[in-house]
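Asks: Below you will find the structure I want to go over with you.
The values are calculated or read from the model by the stated rules, or taken from the named source; none is laboratory data. These figures come from a predicted structure and were not determined experimentally. Glycine gets a Cβ as well: all are built from the backbone with ideal geometry, and neighbour counts include every protein chain shown. The accessibility values were calculated without ligands, DNA or RNA, using every heavy atom of the protein model including side chains. Shrake-Rupley method; radii C 1.70, N 1.55, O 1.52, S 1.80 Å.
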Amino acid sequence: FTWDNYKSRVPSLLEAEGMMHGATAIGVIGGKVSGNLETLDFEDYKAPVFDEWCALVREYGLAEVLEKCYIEDSIRGGKHVVYRCESEVPRTSKLCHRMAKDNDGTMKVLCVIETRGEGHYACVYPSPGYTPVQGSLGKLPVLTAEQHDLFHALARSMEEHVESVKKVFDAKIGYGVGDDFNARASWEQILSDEGWTLGKERNGVCE
């Protein structure tokens, strides 16, 4: 079975029934074929961002729109927010990154909010590991272009600090005892404590 054909056309009832035989999960296809449907995928198991995004959405006056969206708990502790748009939705977009532990336990900059739009799909309830929290897939709100853009913009705004955090984190990698010692104090400070005085300094070197 391949779902490529259904990126551009809705399956017949007979086809849909056939898909359900032996199926272990169900998904919704994003984009024009589904009435410009889009899913915001929050990977909260990597870094908690869903509540932060919801607070921003309410702060910017879209609380009523958010309350009409279909929201579910997704597998591994994430969240899905599903809605439709007046205008066409783009393909999958990575909106927000955070420093978080990867599957191998190492700290990396990982994508924690992305979309599932044109040409992509998202698994939904009653797939195993998915639980409805709010609303219904059968009654989705239709966002204006401005509301849709703001949903995305608020998600993107949440990663503003990542580059500075990454620089600090990367700077610490490979630190040895000597590096840590040098970072804590200068030679001028150390020798002054022992009664020495600075004669002169040239290119950052005490003489």
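Asks: Going through the stretch 106-130 one residue at a time, which ones are open to solvent by 40 Å² or more (accessible area, probe 1.4 Å) and not in a strand (DSSP E or B)?
Replies: Thr106, Glu118, His120, Tyr125, Pro126, Pro128, Gly129
Asks: Enumerate the pairs (first residue in the stretch 9-29 and of a type in the set (D, E, K, R); second residue anywhere and at pLDDT 70 or above and surrounded by 10 or more Cβ atoms within 10 Å (Cβ to Cβ)) with beta-carbon separation below 9 Å, excluding pairs fewer than 6 apart on the same chain, so at least 6 apart or on different chains.
Replies: Arg9/Val33
Asks: Which numbered condition trips up Glu88, out of (1) part of a loop (DSSP other than H, G, I, E, B); (2) in contact (Cβ under 8 Å) with a residue 12 or more places away in the chain; (3) open to solvent by less than 70 Å² (accessible area, probe 1.4 Å)?
Replies: (3)
Asks: Out of the residues in the stretch 131-145 meeting the condition of being open to solvent by 70 Å² or more (accessible area, probe 1.4 Å) and at pLDDT 95 or above, tell me which one is farthest from Lys68 (Cα to Cα).
Replies: Thr131
Asks: Still on this structure, please answer the following. Kindly indicate the residue of the stretch 62-71 that is open to solvent by less than 40 Å² (accessible area, probe 1.4 Å) and either in contact (Cβ under 8 Å) with a residue 24 or more places away in the chain or polar (S, T, N, Q) (or both) and also farthest from Leu137 (Cα to Cα) among those meeting that condition. Can you show your working first?
Replies: To start, the set of residues in the stretch 62-71 that are open to solvent by less than 40 Å² (accessible area, probe 1.4 Å) comprises 62-63, 65-66, 69-71.
Adding the requirement that they be either in contact (Cβ under 8 Å) with a residue 24 or more places away in the chain or polar (S, T, N, Q) (or both) leaves 62, 65, 69-71.
Numbers: Leu62: 19, Val65: 15, Cys69: 9, Tyr70: 6, Ile71: 9 Å.
In this case the residue turns out to be Leu62.
Asks: Which one is most open to solvent (accessible area, probe 1.4 Å) among residues in the stretch 72-83 that are farther than 15 Å from Pro126 by Cβ and out of contact with any helix residue (DSSP H, G or I) (no Cβ under 9 Å at 6 or more places or on another chain)?
Replies: Result: Arg76.
Asks: Would you be able to say whether some residue in the stretch 41-61 is at pLDDT 80 or above, assigned to a strand (DSSP E or B) and surrounded by 16 or more Cβ atoms within 10 Å (Cβ to Cβ)?
Replies: First pass over the stretch 41-61, keeping only residues at pLDDT 80 or above: 41-61.
Add one more test, that the residue is assigned to a strand (DSSP E or B), and what stays is 41-42.
Within this subset, residues satisfying the condition of being surrounded by 16 or more Cβ atoms within 10 Å (Cβ to Cβ) are 41-42.
Checked against the condition, which is being at pLDDT 80 or above, assigned to a strand (DSSP E or B) and surrounded by 16 or more Cβ atoms within 10 Å (Cβ to Cβ), the stretch 41-61 yields at least one hit.
Asks: Being more than 18 Å from Lys139 (Cβ to Cβ) and surrounded by fewer than 18 Cβ atoms within 10 Å (Cβ to Cβ) is the filter here; which residues of the stretch 20-40 pass it?
Replies: Hits for the stretch 20-40 are Met20, His21, Gly22, Ala23, Thr24, Ala25, Gly27, Lys32, Val33.
Asks: Given the structure, is Leu154 surrounded by 17 or more Cβ atoms within 10 Å (Cβ to Cβ) and in contact (Cβ under 8 Å) with a residue 40 or more places away in the chain?
Replies: It is true that Leu154 is surrounded by 17 or more Cβ atoms within 10 Å (Cβ to Cβ) and in contact (Cβ under 8 Å) with a residue 40 or more places away in the chain.
Asks: If you don't mind, another one. Quick one: count up the residues across the stretch 94-108 that are within 21 Å of Asp51 (Cβ to Cβ) and either hydroxyl-bearing (Ser, Thr, Tyr) or touching a residue at least 24 places away in the same chain (Cβ under 8 Å) (or both).
Replies: Count: 7.
Asks: Sticking with this structure for a sec: Among the residues of the stretch 95-105 satisfying the criterion of being surrounded by 13 or more Cβ atoms within 10 Å (Cβ to Cβ) and of a type in the set (D, E, K, R), which is nearest to Thr24 (Cα to Cα)?
Replies: It comes out as Lys101.
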